[in-house]
1. May I ask you to say which residue of A:Ala275, A:Ala287, A:Ala252, A:Ala260 is surrounded by fewer than 17 Cβ atoms within 10 Å (Cβ to Cβ) and among the aliphatic types (A, V, I, L, M)?
2. Name the strands (runs of 3 or more DSSP E) wholly within region A:184-250 that hold at least 3 residues that are out of contact with any helix residue (DSSP H, G or I) (no Cβ under 6 Å at 6 or more places or on another chain), more than 20 Å from A:His174 (Cα to Cα) and away from chain B (no Cβ under 11 Å)?
3. Does region A:125-135 include one or more residues that are of a type in the set (S, T, N, Q), under 30 Å from A:Ala252 (Cβ atoms) and in a loop (DSSP other than H, G, I, E, B)?
4. So which of B:Val17, B:Val82, B:Val11, B:Val92 is more than 14 Å from chain A (Cβ to nearest Cβ), touching a Gly at 6+ places or on another chain (Cβ under 9 Å) and among the hydrophobic types (A, V, I, L, M, F, W, C)?
5. Could you tell me whether B:Ala99 is among the aliphatic types (A, V, I, L, M) and either modelled with pLDDT of 90 or more or buried (at least 24 other Cβ atoms within 10 Å of the Cβ) (or both)?
6. Does region A:400-414 include one or more residues that are of a type in the set (Asp, Glu) and out of contact with any helix residue (DSSP H, G or I) (no Cβ under 7 Å at 6 or more places or on another chain)?
7. Tally the residues that are outside any helix (DSSP H, G or I) and among the acidic types (Asp, Glu), restricting the search to region A:251-285.
8. Looking only at region A:197-232, count how many residues are aromatic (Phe, Trp, Tyr) and within 14 Å of A:Pro62 (Cβ to Cβ).
Amino acid sequence: MKPTAPLVLAAALLAAACGPSGGREAAPAETLVIGLAADLSSWNPYLAGDAHDEEILALVYPSLAVEQPDYQLHPPTFAPSLAASWEHSEDGLSLTFHLREDAVWSDGVPVSAEDLVFSWQVQSSEELGWAWGDITDAITRVEAVDARTVRYEFNRRYPYQLMDVNDGPIVPAHAWRGIPLEQWQDTDWLPRVLAAGPYRPAGHTPQQEIVLEANPGAAAGHGPRIPRLVFRIVPSSTNLVNQLLAGSVHLAGGVAPADAARLQAAAGIDLTVFADRSYTHVCWNLARPPFDDPRLRRALAMAVDREALIEVVYDGFALLSLGPVLSSMWAFNGALEPVPFEPAAAARLLAEAGWQDRDGDGVLDRDGAPLAFELLAPAESDTRQDVVLMIERDLARIGVTVTPRFVEWGALQARMDAGDFDAFVNRWVEPTQIDLAGIWHSVLPGEPSFNYGRYANPEVDRLLAEVDAAPDFAAQKPLLDRIQELIVADQPYLFLVENTRLVAHSSRLRGADINAASIFFNIREWELAP
Amino acid sequence: MLALVPLVWLVLTLSFVVLQAAPGTYADAIDNPRLSPAGRAAARSHFGLDRPPLAQYGSWLKAALSGDLGTSFMYRKPVARVIAEALPPTMVLGGAGLAITLGLGLALALASTRRPHGWADRVISVLSLGVSGVPSFWLAGMLILVFSIGLGWLPPSHMRSTDAAGLGAVSRAIDAARHLLLPALCLGLVGAAGTARYLRAALLDVRASRYLLAARARGLSESRLLWVHALRPALLPVVTLIGLSLPILVSGSVVVETVFSWPGMGQVAFNAARARDVPLVLGATLVGAVAVILGNLVADLLYAVVDPRARRPS
């Protein structure tokens, strides 16, 4: 063998493997390939983790009703799904659902009222500790009136009763009741999944792909048109875009704004952009000086050029955030004025608060201490790190020193919980149920809360209690408006931007109504053109 | 071999200490303020996080000694099963990468030394030097850009096509090979460049040696000179490289696995460390520690095969 022979052999092997038949995986038209950033954490909806898990599992498990993306002008309405109809009692303390006659689990057993009773027992079980268990706090009893009728009883009348009931996943009592709740965390759920949604599981290779196939048990004439969905796990966002461009993925549920131009320029790819009900902000630690001074917080807000932030960091794919309620929600107070970008006025306000450059070093000081703080962001988020750097630049111009600190998410969470921070950049994803108390109600020291900055305003606390007691949305709206005014005046957060979600998909995908309620909102009607 | 057990124990104990010292625990991730205090306590108790670190360590060690590596917090599966699922893909990728490292490295070194300082040698030297300094994430991006997006020849990620289950055995093997090629190239090219450079230098040294001159004078053919007399002593530095490469066969490469969506040990260990999934981190560390020790052992054994001097009793 000549010394060059191995090279020739290697080249020949490479050529044979590459073949012109192509790396573009010719997915048949009956298979839709969807790119996912992370694998499904559990097939049991009560153990699954994030919003992406919920989107997949909502294709498998039934829901009583389908929440509509019409929450801009009024609270969201609901369309019948498993429940053909429902009605409130006159006193508003009970809600009765009438289930569809043709709904069956994938083993052929009808979906019954017993499944809803069992699901409620699971939701409210402290043994399991379901992450959203508090939605059942006001539900006192769930009763199977008959096989197809179920009644929920509440301890008080409030406007989110239907939403709270509908947010609890429905699981098969006949198949799962025999598994003790204390064993749920360690159970392998895939073989135990029974579907009553449009799809059922057909395979799961961890960290590779999840395969769903049309559920034959789905109501006649109401099954999905695309018979097979393959979710491919693509942890690298860059590679997700590459896969879209290479044609091996048809749909990516979330691409970065920085990739938008490249995707828009590509033939055969469409981009759907919508407000994704989340906002990015800086949380100040109000328990720690100097952030206890509202003048300082307002001045810092006035010194940050958020329009530039939107253009530079978000490539224009974001909106100005004005307050604690998203501008796309019915409860948003349209009378709120944005904090203007006025660095000169910010400097004057800081001077009023005693911050001036007395020693001529270019940094504001008071009582000999410089105005300097550490701004944290998760090391895993390039976007939030860019936000920190933009804020550092803007605040340096008015003599405020920001030390960027990018820490791994677990470490950041520990510091947030312990109140061990000056400020951090965070992103809240808001449910369609307006729940301001979780973030804005005052808390006792050491009490776990999402109110990491320890904001406390007795007037806001009082109004939040009134919102909680209000019987309907009309009564809640003026209270919510006033709460927003108070919070914006206090500036416990530097409200930065409202985020958008960019969904990229093949132009072959037809009939898709992709919206903020779910990217799979009308998946039964989707078609994949050949 | 028994003497290695304390070493493995030390590595695992240090890993446990480092995990405890790192800020944040898995409990921070599951401490949901929406839960009642009882609900939070139940969640902590389920994962044993309500006990002091020393007690957690003691329980883990006791179970590990009986072969039970515990249950992964994040995957909610036995650690042994998570590792058993992730290990084969990593070994396939690592094996292919190592084959490229050795095969291509050897081929390039042979081509280089055929005419030292000739044009082929110069081109290979420049390319080897360039590739040696390339970070793997960049190389991965370039390979995908050229072979997947540009030329459309090879798939950009995953172990198989979405329709692979319906293919025949041969088509399925070809499909798997096509998916393996880019990540294996990414993993193997940098090593191949290094191997080529080491081997070239060693081969040139050997060729200049007097024993080879004597062999040539005896009229041996060039190919016999190379394959029988020159290559074996020149392989000594490569044996060290093989020993060092073995751990990556089982511990995986985070970057390559992430970019190519390859479901291996690198991703598992990285995600476990980020989530403070203590049992899984310790399980992955155990596999890595054993691999490092075995790698050294294999290198020592290979030395004995390649170099008769190593077999001599001292």
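1. Numbers: A:Ala275 fails: surrounded by fewer than 17 Cβ atoms within 10 Å (Cβ to Cβ); A:Ala252 fails: surrounded by fewer than 17 Cβ atoms within 10 Å (Cβ to Cβ); A:Ala260 fails: surrounded by fewer than 17 Cβ atoms within 10 Å (Cβ to Cβ).
Selected residue: A:Ala287, the only one of A:Ala275, A:Ala287, A:Ala252, A:Ala260 that is surrounded by fewer than 17 Cβ atoms within 10 Å (Cβ to Cβ) and among the aliphatic types (A, V, I, L, M).
2. Numbers: elements: A:199-205, A:209-214, A:228-233.
Fully inside region A:184-250 and qualifying: A:209-214.
3. Scanning region A:125-135 turns up no residue that is of a type in the set (S, T, N, Q), under 30 Å from A:Ala252 (Cβ atoms) and in a loop (DSSP other than H, G, I, E, B).
4. After ruling out the rest, the residue left standing is B:Val11.
5. Yes.
6. Within region A:400-414, the subset of a type in the set (Asp, Glu) is A:408.
From what's left, out of contact with any helix residue (DSSP H, G or I) (no Cβ under 7 Å at 6 or more places or on another chain): none.
Checked against the condition, which is being of a type in the set (Asp, Glu) and out of contact with any helix residue (DSSP H, G or I) (no Cβ under 7 Å at 6 or more places or on another chain), region A:400-414 yields no hits at all.
7. Applying the first criterion (outside any helix (DSSP H, G or I)) to region A:251-285 yields A:251-256, A:266-285.
Those left that are additionally among the acidic types (Asp, Glu): A:270, A:276.
Summing the residues that are outside any helix (DSSP H, G or I) and among the acidic types (Asp, Glu) in region A:251-285 gives 2.
8. Going through region A:197-232 one residue at a time, the tally reaches 1.
The values are calculated or read from the model by the stated rules, or taken from the named source; none is laboratory data. Everything numeric here is computed off the predicted structure, so don't read it as measured data. Glycine also receives a Cβ, built like all others from the backbone with ideal geometry; neighbour counts cover every protein chain displayed.
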